[in-house]
Amino acid sequence: MSKTNYVSTTNACKLCTPLGASLAFRGVEKSVPFLHGSQGCATYMRRYIISHFREPMDIASSALGEKHAVYGGGPNLKKGLLNVMKKYSPRVVGVATTCLTETIGDHVSGILHEFKEEFGDLDLPELVHVSTPSYNGTHMDGWTGAVQAMADQLVFEKTETTESVNLFPGMVSPGDVRNLKDIFEHFGLDVTVLPDISETLDGPALLDYEPIPSGGTPVERIQAMSNAACSIEFGRCLPGSTAGITLENKYGVPCHGLGMPVGIRETDRFMDVLAKTSGRSVPRRYLMDRGRLVDALVDGHKYISGKRAVIYGEEDLVVGLVAFMSEIGVQPILVATGSKTGKLAGAIAKVGSDLRQQPLIREGVDFHDIAEQADELAPDLVIGHSKGYRYCRDWGVPLVRVGFPIHDRFGGQRLRILGYGGAQKLYDRIVNAVLEKKQADSHIGYGYL
Amino acid sequence: MKCETAAVLEERKGQVHRTGQGPIEMACNRDSLAGAVSQRACVFCGSRVVLYPIADALHLVHGPIGCAVYTWDIRGSLSSGPELHRLSFSTDLQEKDVIFGGEKKLEAALDELIDRHDPKAVFVYSTCIVGIIGDDLEAVCRTMSEKKGIPVLPVQSEGFKGSKREGYNAACKAMFRLVGTGDTSDISPVSVNILGDFNLAGEIWIIREYLERMGVEVVANISGDGRVADVRRCHGAALNVVQCSGATLDLAKMMEEKYGVPYIRVSYLGIEDMADSLYYIADHFKDIDPEITTKTSNLVRDELEVLMPELARFRKDLEGKKVAIYVGGAFKAFSLIKAFRHLGMQVVMVGSQTGTEEDYRELEEITDPGTIIVDDSNPLELSAFIKEKDVDVFVGGVKERPIAFKMGVGFCDHNHERKEALEGFVGMFNFAREIHTSAISPVWKFVPRREQKEAEHE
Ligand code: SF4
Ligand code: SF4
């Protein structure tokens, strides 16, 4: 039953580290994600990402072959960078390692240093590197690591203090990033979102193919993050060193660590910080959104009250989801994640105080584990990404799709769950999933529910 | 050789050619170029593609998690029975395994998984990192095979040791260890193995039905809807029928050498190739079964009677539209080119990930002057070609789809992730319908490229 005598992984509930880093690097203006390793990893990750976002996603690779694996990948990394420069003219190249190059022990920062010396006469892009062995961590570590690396390696000095705010939203959808930017605008706040995938991974139809999609956080804005009035960083399960903490330590930019604003209270906390920072009260439109949300919760509460839910995905996402479930009367019975930070239970204790019963909390699990437990727990509802679909099908329960990847539905890149507005959309979907099942299972075929 | 598109990197020029412009000399089959965004996959990917559809085997990926996760149930290789292949098993190597070696963990994983799933055989795939830490897969597999009493077969598919093609070879070698271990006594003299079909969207069932109508027994599907027991006795078949450019050709060659089973190469895509394939098979057996030729021509006639009027309907809308093709193997490209002729469409670009020099020479022969021929391309190049040639429909894999769609070009998924059956005569119908659905959609009127044209005309 428990993982102790269980050594292999069946149907993993996590992705590999460089995938997260590649996604984060995609959210910087004119940047190219670059994997130092063999070709296969980059190709696989591209395919995986493309199937979710339905957008082009180039990931360059140093395409190491057998001899490089033996003699070191440095020369190929350099050659690869030159080719990327020739072809893309990037402002930034984000280099992430893979299992292969970590194992052969390539010293990437040293190689990049050499590269800068050797080709100092050229117009070089900014080079950021992050160490992302997959045998140690998950895609979330890759994401957080890449964002931290950018805050660390692209920011050099503090020149003044501005009113601007840095936002590190974590791995949220392009739709939610747009949503967050709107919120800042309505508070009259100037914001630097890092990374900003709102356009790079959800862009318009084009006349000319763009080698690097438009949008993303401009390098100048990243460099000026040291001047910001404060940073806001979402995530209750983050590692000790994050972008927000780095800027706080190096440049004294205070960092507000908040949970992902999913549901009422986590969004209230976020609104509080924005109100204090801007010196304005919460704009009427959000008070109205909140009011409508509460009204909707009342209207719908009987449909979902007491429903038993299995929730899985990235830790901070599931923490946010549990927070919201505890507000709407859905009982999470199993909360699971593929990563192992040891922080999940503590975070859930903080946000789930309204729960009538504490859920089973499992870190480092795969779908085999989830299924084994869920079979006994008899859920009514599952909330998570696409990869749990076949299990839900076996159990005959609806899957409310949230997070990444969404490979079996349309519009994953536009799904919104953050803020009062996002919570409203998520709530509608949850209620409708329950209603749909009820309607489908009924012999009568009610037209009123 | 001249290259007009600026998007082609200097070093890649040897891998792009235009039909009619000088002799073709493709520098294909070289390693992917560092820093170019290649669509190419790794050795492991090649092996996984070939072996994956064997549905009652357990497929364990020995490596860190990614390699297994990205290949979990990604292909529509259907099974009529067991579905063990649709689960993703990994040893999920952690840092300490990388330092101290992963053999222990592999052994424990095999122990656990074999007990849990009771498979007919196990394929253990080696990944890049295993190649570096030097685990002795062979030895672990041998031990476990003895312990569990089922074949446990190592697949030497370290990702960096070449491209997909080497992966095909590794897969064939692994399967070849199974061949010759089963009973062949009740196999008909009019019998074949179907090689190189992965039963995407149930395609192999279409082909099997044709063969049944011709009175040909199918011994083993290799590997679509595949079974370990069938592979074990497939050396008893009279003929190997091999589809696709390279995936299982090595196995056919090994079987010819060791068991004297001859092979023929076929394609089930498009009308001529499908019919020819059936005729080749009939031809092979006509001395044993004199009726087979008549049965086959009746089959082809019946099928075409249904198909041709349908195609004519599609053709009305599709005549003159321009197509770009970018597929995994060049063999498929040949069939597609012919298929588009039936629809009156013009192929303006054709490329593949793994074609050989010979393939490209043949492509040049059957394409119109000016057609772009490209080996191991990348998004920038492909998009440049689309624009230059004002393509209407792009045929490719899931990785090309966003490029096509960004540029506002119709698209047909013709790769391993496809969910429509495209083989056989009915497949030709499905294919034409899919192309038609995409090409006649009104949405193209709104994409910037066409809106601009409209504006110019006003
Ligand atoms: S080798 Fe590592 S980085 Fe590459 S796909 Fe596998 S897990 Fe991911
Ligand atoms: S690690 Fe190697 S085997 Fe695995 S996906 Fe990457 S290139 Fe392929």
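Throughout, read-outs are computed from the coordinates displayed, never taken from laboratory work. As the structure is a computational prediction, the values presented were derived from the model and not from experiment. Note that we place each Cβ from the backbone using ideal geometry, even for glycine, and neighbour counts take in every protein chain shown.
Couple of notes before you dig in:
- Each of A:Phe156, A:Phe324 was scored by other Cβ atoms within 10 Å of its Cβ. Arranged with the fewest first, they read A:Phe156, A:Phe324.
- Chain A: relative contact order as a whole-number percent, Cα under 8 Å and 6+ apart: 17 percent
- Cα centroid separation - the range B:347-364 against the range A:266-325, whole Å: 56 Å
- Normalising the average separation of contacting C-alpha pairs (under 8 angstrom, six or more residues apart) by the number of residues puts the relative contact order of chain B at 17 percent.
- Summing charges over neighbours of A:Ser281, with a neighbour being any other residue whose Cβ is under 14 Å away from its Cβ, gives +3 when K and R count +1 and D and E count -1.
- Across A:Lys67/A:Lys87; A:Lys78/B:Lys253; A:Lys181/B:Lys389; B:Lys161/B:Lys321; B:Lys387/B:Lys419, pairs whose alpha-carbon gap is larger than 32 Å: A:Lys78/B:Lys253; A:Lys181/B:Lys389; B:Lys161/B:Lys321
- The range A:300-441: C-alpha gyration tensor shape, a/c 1.5 cut-off, then a/b vs b/c: rounded
- The C-alpha atoms of chain A define a longest principal axis, and helix A:284-304 lies at about 50 degrees to it.
- For residues of B:103-112, the mean tally of beta carbons on other chains within 10 Å: 2
- Neighbour-count order for A:Ser164, A:Ser31, fewest beta carbons within 10 angstrom listed first: A:Ser164, A:Ser31
- Each other residue within a Cβ distance under 10 Å of B:Val49 adds +1 if Lys or Arg and -1 if Asp or Glu, for a net charge of +3.
- Set of lysines with alpha-carbon distance to A:Lys340 below 20 Å, sequence-local pairs under 8 removed: A:Lys3, A:Lys14, A:Lys350, A:Lys387, B:Lys96, B:Lys105
- Sorted on the mean count of surrounding Cβ atoms within 10 Å across their residues, most packed first, peptides A:44-55, A:251-262 read A:44-55, A:251-262.
- When only Cα pairs below 8 angstrom with a gap of at least 6 residues are kept, the range B:39-150 shows a relative contact order of 34 percent.
- Sorting the segments B:140-148, B:173-181, B:193-201 by their residues' average number of neighbouring beta-carbon atoms within 10 angstrom, most packed first, yields B:193-201, B:173-181, B:140-148.
- Placing +1 on the Cβ of every Lys and Arg and -1 on the Cβ of every Asp and Glu, with no other charges, gives the range B:43-176 a dipole of roughly 440 debye about its Cα centre.
- Ordered by the number of other Cβ atoms lying within 10 Å of each residue's own Cβ, fewest first, B:Ile288, B:Ile74 fall into the sequence B:Ile288, B:Ile74.
- Averaged over peptide B:43-55, the number of partner chain Cβ atoms lying within 10 Å of each residue's Cβ comes to 1.
- Charges were assigned to the Cβ only: +1 to each Lys and Arg, -1 to each Asp and Glu. The resulting dipole of the protein assembly as shown about its Cα centre is roughly 1640 debye.
- Cα extents of chain A along the three principal axes, largest first (Å): 74, 54, 46
- Charge sum, other residues only, whose C-beta stays under 11 Å from B:Cys67's C-beta, Lys/Arg counted +1 and Asp/Glu -1: -1
- Of the trypsin sites (Lys or Arg not before Pro) in the range B:359-423, those whose Cβ has at most 15 other Cβ within 10 Å and which sit in DSSP loop: B:Lys419
- Relative packing of peptides A:13-22, B:251-260 - highest average C-beta neighbours within 10 Å first: A:13-22, B:251-260
- Between the Cα long axis of helix A:264-278 and the first principal axis of chain A there is an angle of about 50°, rounded to the nearest 10.
- Measure of compaction for the range B:229-383 (Cα Rg per 2.2 N^0.38 Å): 1.22
- Prolate is the label for the protein assembly as shown. Its Cα gyration tensor axes, ordered a ≥ b ≥ c, give a/c of at least 1.5 and a/b above b/c.
- Taking every DSSP helix (H) stretch of at least 4 residues in the protein assembly as shown, weighting each as -39,500 (n - 2.57) and dividing the sum by the residue count yields a mean residue ellipticity at 222 nm of -14000 deg cm²/dmol.
- The long axis of helix B:203-214 is offset from the longest Cα principal axis of chain B by roughly 90 degrees.
- Anisotropy class of the range B:180-311 from Cα gyration tensor, a/c 1.5 cut: prolate
- Averaged over the residues of A:96-102, the number of partner chain Cβ atoms lying within 10 Å of the residue Cβ comes to 5.
- Farthest positive-ward along the range A:217-285 dipole, Cα basis, beta-carbon charges - from A:Cys255, A:Leu274, A:Phe234: A:Leu274
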